[in-house]
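Here is the structure we will look at, set down as structure tokens.
The values are calculated or read from the model by the stated rules, or taken from the named source; none is laboratory data. Note that the coordinates shown come from a computational prediction; the quantities given were computed from them, not determined experimentally. Positions of Cβ are generated from backbone atoms using ideal geometry, with glycine treated the same way; all protein chains shown enter the neighbour counts.
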Amino acid sequence: MFRGASSLSLDDKGRFAVPTKYRDTLLSEDQGTVICTVALNEPCLWLYPLAEWLEIESRLAKISNMNPRARRMQRMLLGNATEYQLDKNGRILLAPSLRSHAELGKKIMLVGLMNKFEIWDEARWHEQMRQDTELERLGDFEPNDDLDNFTL
């Protein structure tokens, strides 16, 4: 389970070092193999441990690609999915196409979301957090059965 947000730097080659607290888990569970793809509806990337990604691929394979929305989802997720291996220093080299999609600058945020990470440009992340906080303050909620009975 991944949680928390880490401010990281991309080097000139487009690499970032995975924080140690996550690195050990990724190395022990999936030998450091991760899959990075584009997020479906936000300007960020999704980074999955290999085992989690294989479950997603299995679910995607069960969806009929005759449905235009399903086909778009498969195309976006699978077509952009890139496999990486953490190097000996625990770094991941992000492909230029993925960096471009998320408009990543030198400063990024690695955000743990239970089974995956989001990778954001740091300035965009802070703006997204500001917008999310404002929406919550306004109480402008979309109906959602899963959240109706959720308590903190």
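Just one of Glu122, Glu142 is out of contact with any helix residue (DSSP H, G or I) (no Cβ under 9 Å at 6 or more places or on another chain) and at pLDDT 90 or above; which is it?
Sole residue among the options that is out of contact with any helix residue (DSSP H, G or I) (no Cβ under 9 Å at 6 or more places or on another chain) and at pLDDT 90 or above: Glu122.
(1) modelled with pLDDT of 95 or more; (2) of a type in the set (A, V, I, L, M, F, W, C); (3) loosely packed, with under 13 Cβ neighbours inside 10 Å: which one isn't true of Leu152, the others all being true?
The single condition Leu152 does not satisfy is (1).
Ser100 versus (1) over 15 Å from Ile35 (Cβ atoms); (2) in contact with a Gly (Cβ under 6 Å, 6 or more places away or on another chain); (3) among the polar types (S, T, N, Q): which is the lone unmet condition?
(2)
What number of residues in segment 13-26 are farther than 14 Å from Phe2 by Cα and surrounded by 13 or more Cβ atoms within 10 Å (Cβ to Cβ)? Give the derivation first.
Step one: of segment 13-26, the residues farther than 14 Å from Phe2 by Cα are 13-17.
Subset that is surrounded by 13 or more Cβ atoms within 10 Å (Cβ to Cβ): 14-17.
Looking only at that region, the number is 4.
Mind checking which residues of segment 1-55 are among the β-branched types (Val, Ile, Thr) and farther than 16 Å from Leu113 by Cα?
Thr20, Thr33 - these are the residues of segment 1-55 that are among the β-branched types (Val, Ile, Thr) and farther than 16 Å from Leu113 by Cα.
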